[in-house]
Amino acid sequence: MPLMPSNLPGRNFLSLAVLPVSLAAVRVMRERALRFLQSRWVPAAQQDDLALVISEYFTNVVKHSPGATHIEMGVSTLRGGVTFILRDNGSDISPLLAAIKPLDTDTDDLPVSGLGLSLIGALVPDFRYTPGWPVAQYNEFEFDVVFTQHRSRVVIIDDDDTQLCLAEIFLSDEYSVTCFSDARRALAHIFLEGADLIISDIYMPDMDGILLRKRLAANDDTRLIPFIFLTGCGQASTREKVCTLSVDDVLVKPVEKDTLLSAVARVLHRARDVSASINVSLDQNITDALWRPLPERYAGYRLSRDYRVAERGGGDLLVPLHSDTGMTMILMDVMGHGVQAKFFAHALAGYFHGLFAGFPHEADPGRYLQWLSETMNSHALLSGTLLTCVAVHITPAGRVSLASAGHPWPWLFRPGAAPIPVEVSGVLPGLGVSATYRVVDMTLAPGERLLLFTDGLFESHGKGRVQGDSAETMTSLARQFATRDMTAEGVMAVFDAMVQGAVLDDATAVVIQRE
Amino acid sequence: VEHTHSCNGTPGSSADANQRRLLCSATLRKLEADTSAQALRRLLSVYRTELHKRSATIADAHDRQDNERLQICVHALKSSALSFGCEALAEKCLQVEDFCLHALHARAFDHCEALLLLIQKTLDAVDAFESAGA
């Protein structure tokens, strides 16, 4: 009997793995958790700590709960992060957790017994534990993980310690600042580590700011890093000279905090805009080649999709498949951030097109996900890939069937009523040898809309982070739907208006509207 | 040179005006408001160290008649002086830097003694400001 991922009512629970109890399963849980945390830019040290918590908790189940048969790990969306939920059907360990003693790092006499639980208490002190008995079948151990926002890296170079200290104090609340009093050392650091913005004095001994700028401009990797001169040199001739060096701004000392922050924000914003435009242009070309067009109308439904491309990473793809039994749309989100994730996602898009084309055409979207999962599970490269996927099949008669592999719930919008989530869930593809996927069938009434999306829509923004796909957010969206004939482009426009800052993960919206 | 927080024009005695030109408490209060009391203490500590270092460098450049070293030193000193509202010191630095830039070496070195005296007065003013604050 295959293990089915849990569907926790009222919670958007994404099951990362459900496995029979064994120490090997604990290792799998640890690896899955690490991959998930890596994909969310959690710092490496925090990843290790959280993976240790998961290992210790499940190891405790394996060793001390002889009645346990299954363990499951998943996440639920939290504002600014996720809640990890570890589930097991073993013994209630409330008394043991309540008796956790703090670890005394000053003593050499660590407790031999209960050390694992003490570690858990030290690493996630705000954990919550709900015993399964007598209400539920599973014990649940939960802890929250707040994702760190990406802070732009600013490198400041000035031979004057006072100016260096002043600029660092002005900027360090909002940016990750690294200071150098020697331009040569700064150059070596930038070549090695990169930077999002460089602020340099001009007049410095040994290597001056102008030579520094020329060295950076001569290197492909550093030429386009935004650059600001912050100088005490007010001479017009010097200003004219630096203007030929393709810099983004020239500020004259003394500079006030507001002036510096404003210049930094403006230059970084401009750089992001340019970068995003280039990415969109590139991505559009690749997407046009890889994403088959979605028909505007099918079986009495109006279909639309729109997406936003992350500056550096993330990877969404939409594969429509046509057959005699109807049309299937498969929306996938390859987890990961950074340039590598984007290129990997593009490569995968081509691969999946071929893969899905080779599958027997089916009216059951769950079968597509099952094939996908089996293929990924048996494929050396794909088994290391973490992705979520939702498959929707529309018959010529207008019946809609949905299946999900770890994907955010679709939401149903009905005229005059509150939006409701379509609680369809399933294990991530490739995690189990014989995963099966529950299918939800529905027929939309005229005016009703089904919104499918990737989680980048909610989680990938900078300062103005949008709350997760909560009823509150969806109700707000529904109000927008009520006043306009809204398509996926409209959904994206609403989210564009709600968020500020950089898009850190691809976001895709697909709207299926009954006409 | 742009300077947005001038202490000039504030009413008071001539002695007060001279003191304000040494170290403008309004500029320092603005820095404190923009950052924090702790950050200002750190900044003043760094500035005090810089003043001592620059003082030694100017004396050395004078002894060696090293025009380039003197020019680099007063250029940097001018910027930090303006950041703390030390207008008198910034003006003297600008004057010496100008002599250096125009290769008027003798005139530049003639002002070194006055410059060192002004640095010492600025250090005293920083100490007085911190004592008053404490």
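The values are calculated or read from the model by the stated rules, or taken from the named source; none is laboratory data. Remember, predicted model here, so these are calculated numbers, not experimental data. Note that each Cβ is placed from the backbone with ideal geometry, even for glycine, and that neighbours are counted across all protein chains shown.
At-a-glance table
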item: Residues located in segment A:207-229, provided they are of a type outside the set (A, V, I, L, M) and touching an Asp or Glu at 6+ places or on another chain (Cβ under 7 Å); result: A:Gly209, A:Pro226, A:Phe227
item: Looking only at segment B:88-114, and only at residues there that are crowded, with 21+ Cβ neighbours inside 10 Å and within 14 Å of another protein chain (Cβ to nearest Cβ), the one that is farthest from B:Ala37 (Cα to Cα); result: B:Cys100
item: Tally, over segment A:216-249, of residues that are among the β-branched types (Val, Ile, Thr) and more than 16 Å from A:Val154 (Cα to Cα); result: 4
item: Qualifying positions in segment A:228-257 - surrounded by fewer than 15 Cβ atoms within 10 Å (Cβ to Cβ) and in contact (Cβ under 8 Å) with a residue 12 or more places away in the chain; result: A:Gly234, A:Lys241, A:Ser246
item: Of the criteria (1) under 24 Å from the mean Cα position of the chain (by Cα); (2) touching a residue at least 24 places away in the same chain (Cβ under 8 Å), which one A:Asp441 fails; result: (1)
item: Lone qualifier among A:Ile199, A:Ile190 - being closer than 26 Å to B:Leu40 by Cβ, more than 13 Å from chain B (Cβ to nearest Cβ) and either part of a helix (DSSP H, G or I) or in contact (Cβ under 8 Å) with a residue 24 or more places away in the chain (or both); result: A:Ile199
item: Residue pairs meeting the criteria (Cβ under 6 Å; at least 6 apart or on separate chains; first closer than 16 Å to A:Glu374 by Cα, in segment A:338-364; second in a helix (DSSP H, G or I) and at pLDDT 75 or above); result: A:Phe359/A:Trp371
item: Residue within segment A:203-219 that is more than 25 Å from A:Ala265 (Cα to Cα), among the hydrophobic types (A, V, I, L, M, F, W, C) and loosely packed, with under 14 Cβ neighbours inside 10 Å present; result: yes
item: Test: B:Leu117 is outside any loop (DSSP other than H, G, I, E, B) and either under 10 Å from the mean Cα position of the chain (by Cα) or surrounded by 16 or more Cβ atoms within 10 Å (Cβ to Cβ) (or both); result: no
item: Subset tally (residues that are buried (at least 17 other Cβ atoms within 10 Å of the Cβ), within 27 Å of the chain's Cα centre (by Cα) and not polar (S, T, N, Q)) for segment A:151-189; result: 6
item: Among (1) surrounded by fewer than 16 Cβ atoms within 10 Å (Cβ to Cβ); (2) under 20 Å from A:Ser181 (Cα atoms); (3) away from chain A (no Cβ under 12 Å); (4) of a type outside the set (S, T, N, Q), the one test that B:Lys53 misses; result: (3)
item: Those residues of segment A:202-227 which are touching a residue at least 24 places away in the same chain (Cβ under 8 Å) and of a type in the set (Gly, Ala, Ser), in sequence order; result: A:Gly209, A:Ala217
item: Candidates A:Gly10, A:Gly67 - the one that is assigned to a loop (DSSP other than H, G, I, E, B), out of contact with any Lys or Arg (no Cβ under 6 Å at 6 or more places or on another chain), surrounded by fewer than 20 Cβ atoms within 10 Å (Cβ to Cβ) and at pLDDT 80 or above; result: A:Gly67
item: Answer residue from segment A:379-414, given it is surrounded by fewer than 18 Cβ atoms within 10 Å (Cβ to Cβ) and closer than 26 Å to A:Arg514 by Cα and is modelled with the lowest pLDDT among those; result: A:Arg414
item: Cross-chain or 6+ apart pairs with Cβ under 6 Å, segment B:66-78 first and surrounded by fewer than 24 Cβ atoms within 10 Å (Cβ to Cβ), then not in a helix (DSSP H, G or I); result: B:Ile72/A:Pro205
item: Search result, residues across segment A:240-262 that are of a type in the set (D, E, K, R), part of a helix (DSSP H, G or I) and within 12 Å of chain B (Cβ to nearest Cβ); result: A:Lys257, A:Asp258
item: Residue pairs meeting the criteria (Cβ under 7 Å; at least 6 apart or on separate chains; first farther than 23 Å from A:Ser373 by Cβ, in segment A:412-428; second basic (Lys, Arg)); result: A:Phe413/A:Arg449
item: Residue in segment A:91-112 that is modelled with pLDDT under 90, of a type in the set (D, E, K, R) and in contact with a Lys or Arg (Cβ under 8 Å, 6 or more places away or on another chain) present; result: no
item: In segment B:19-37, the residues that are facing chain A (nearest Cβ under 10 Å) and either assigned to a helix (DSSP H, G or I) or buried (at least 20 other Cβ atoms within 10 Å of the Cβ) (or both); result: B:Thr27, B:Lys30, B:Leu31, B:Ala33, B:Asp34
item: Tally, over segment A:360-378, of residues that are modelled with pLDDT under 85, in a loop (DSSP other than H, G, I, E, B) and within 17 Å of A:Gly426 (Cβ to Cβ); result: 1
item: Sole residue being farther than 22 Å from A:Ala183 by Cα and charged (D, E, K, R), chosen from A:Arg223, A:Arg239, A:Arg270, A:Arg215; result: A:Arg270
item: B:Ala61 more than 9 Å from every other protein chain (Cβ to nearest Cβ), surrounded by 21 or more Cβ atoms within 10 Å (Cβ to Cβ) and farther than 18 Å from A:Cys233 by Cα; result: yes
item: Residue list for segment B:94-111, restricted to those being assigned to a helix (DSSP H, G or I) and either more than 16 Å from B:Arg54 (Cβ to Cβ) or among the aromatic types (Phe, Trp, Tyr) (or both); result: B:Asp98, B:Phe99, B:Leu101, B:His105, B:Ala106, B:Arg107, B:Phe109, B:Asp110
item: Qualifying residues in segment B:38-50 (those that are touching a residue at least 12 places away in the same chain (Cβ under 8 Å) and more than 17 Å from B:Val74 (Cα to Cα)) - the one surrounded by the fewest Cβ atoms within 10 Å (Cβ to Cβ); result: B:Arg41
item: Top-ranked residue in segment A:119-173 [being assigned to a loop (DSSP other than H, G, I, E, B) and in contact with a helix residue (DSSP H, G or I) (Cβ under 7 Å, 6 or more places away or on another chain); ranked as nearest to the other protein chains (Cβ to nearest Cβ)]; result: A:Asp160
item: Residues located in segment B:39-93, provided they are among the basic types (Lys, Arg) and over 8 Å from the mean Cα position of the chain (by Cα); result: B:Arg41, B:Arg42, B:Arg48, B:Lys53, B:Arg54, B:Arg64, B:Arg69, B:Lys92
item: Given (1) among the small types (Gly, Ala, Ser); (2) part of a helix (DSSP H, G or I); (3) more than 8 Å from every other protein chain (Cβ to nearest Cβ), number of the condition B:Ser79 does not satisfy; result: (3)
item: A:Phe229 vs. criteria within 14 Å of another protein chain (Cβ to nearest Cβ) and either closer than 20 Å to B:Lys78 by Cα or in a helix (DSSP H, G or I) (or both); result: yes
